[in-house]
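Some notes on the structure that comes next.
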Amino acid sequence: MIGRLNHVAIATKNIAAAAKVYRDTLGAKVSEPVPQPDHGVTTIFVELPNTKIELLEPLGENSPIAKFLEKNPSGGMHHICYEVDDIYAARDRMKAEGATITGTGEPRIGAHGKPVIFLHPKDFVGTLVELEQA
Ligand code: CO
């Protein structure tokens, strides 16, 4: 069911420092920071030839990555995002498979303007998984 790897997301307390590492040390193409108040994060995209890295910094009081950064103060891999052709079919399949969809369990518009669901790490080898409509 899953298709291409859309992005790997890395959470950090200091997105400017993270962007510098990717741009200056690793020599990647790095976007400007984009505050996303609806999602409680500021994002920067690192464009690679075959996929993207999404750098995330908490924004506002109830950021969904705040807890993760409490547990991982130096930052770390937060989630991976796979593309699916049909987000509703993917949701139905995940429910049928007994996987836990976070939040309301319904697709919502993600940080890239496309419908997404997030799957609880306990069912996916300890990794938070985002499924995004391609
Ligand atoms: Co993501």
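Within the option set VAL21, VAL34, being more than 18 Å from GLU130 (Cβ to Cβ), out of contact with any Asp or Glu (no Cβ under 9 Å at 6 or more places or on another chain) and not charged (D, E, K, R) holds for one residue only, VAL21. Do the conditions hold for GLU54, that is, is it open to solvent by less than 30 Å² (accessible area, probe 1.4 Å) and out of contact with any Lys or Arg (no Cβ under 9 Å at 6 or more places or on another chain)? Answer is yes for this residue. The single residue among ALA9, ALA99 that is open to solvent by less than 60 Å² (accessible area, probe 1.4 Å), in contact with an Asp or Glu (Cβ under 7 Å, 6 or more places away or on another chain), within 21 Å of THR127 (Cβ to Cβ) and in a loop (DSSP other than H, G, I, E, B) turns out to be ALA99.
Residues that are part of a loop (DSSP other than H, G, I, E, B) and touching a Pro at 6+ places or on another chain (Cβ under 7 Å) were ranked within the range 109-134; the one that is surrounded by the fewest Cβ atoms within 10 Å (Cβ to Cβ) is THR127. Of all the listed residues (VAL46, VAL8), the sole one being aliphatic (A, V, I, L, M) and more than 30 Å from ALA96 (Cβ to Cβ) is VAL46.
Can you confirm whether GLY113 is within 15 Å of the ligand (Cβ to nearest atom) and out of contact with any strand residue (DSSP E or B) (no Cβ under 9 Å at 6 or more places or on another chain)? Judged against the criteria, GLY113 is a match. With respect to GLU70, determine if the residue is in a loop (DSSP other than H, G, I, E, B), charged (D, E, K, R) and away from the ligand (no atom under 16 Å from the Cβ). No, not satisfied.
Here the range 12-44 is the region considered, the condition is being more than 16 Å from the ligand (Cβ to nearest atom) and in a strand (DSSP E or B), and the residue that is surrounded by the fewest Cβ atoms within 10 Å (Cβ to Cβ) is LYS29. Picking from residues in the range 1-37 that are under 14 Å from the mean Cα position of the chain (by Cα) and not β-branched (Val, Ile, Thr), the one that is modelled with the lowest pLDDT is GLN36.
No other residue among GLU106, GLU61, GLU47 is modelled with pLDDT under 95, under 17 Å from the mean Cα position of the chain (by Cα), away from the ligand (no atom under 12 Å from the Cβ) and open to solvent by 40 Å² or more (accessible area, probe 1.4 Å) apart from GLU106. Only one of the numbered conditions (1) in contact (Cβ under 8 Å) with a residue 12 or more places away in the chain; (2) surrounded by fewer than 20 Cβ atoms within 10 Å (Cβ to Cβ); (3) in contact with a strand residue (DSSP E or B) (Cβ under 7 Å, 6 or more places away or on another chain) is not met by VAL84, and that is (2). Pairs only if they're at least six apart or on different chains, beta carbon under 6 angstrom, first in the range 87-113 and touching a residue at least 24 places away in the same chain (Cβ under 8 Å) and closer than 30 Å to PRO33 by Cα, second within 13 Å of the ligand (Cβ to nearest atom) and outside any strand (DSSP E or B); list them, first residue then second. Correct list of pairs: ALA111/HIS39.
The values are calculated or read from the model by the stated rules, or taken from the named source; none is laboratory data. Computed from a prediction, not measured in an experiment: that's the story for all the values here. Note: ideal-geometry Cβ built from the backbone for every residue, glycine included; neighbour counts use all protein chains shown. All accessible areas refer to the heavy atoms of the entire protein, side chains included, with ligands and DNA or RNA removed. Shrake-Rupley method; radii C 1.70, N 1.55, O 1.52, S 1.80 Å.
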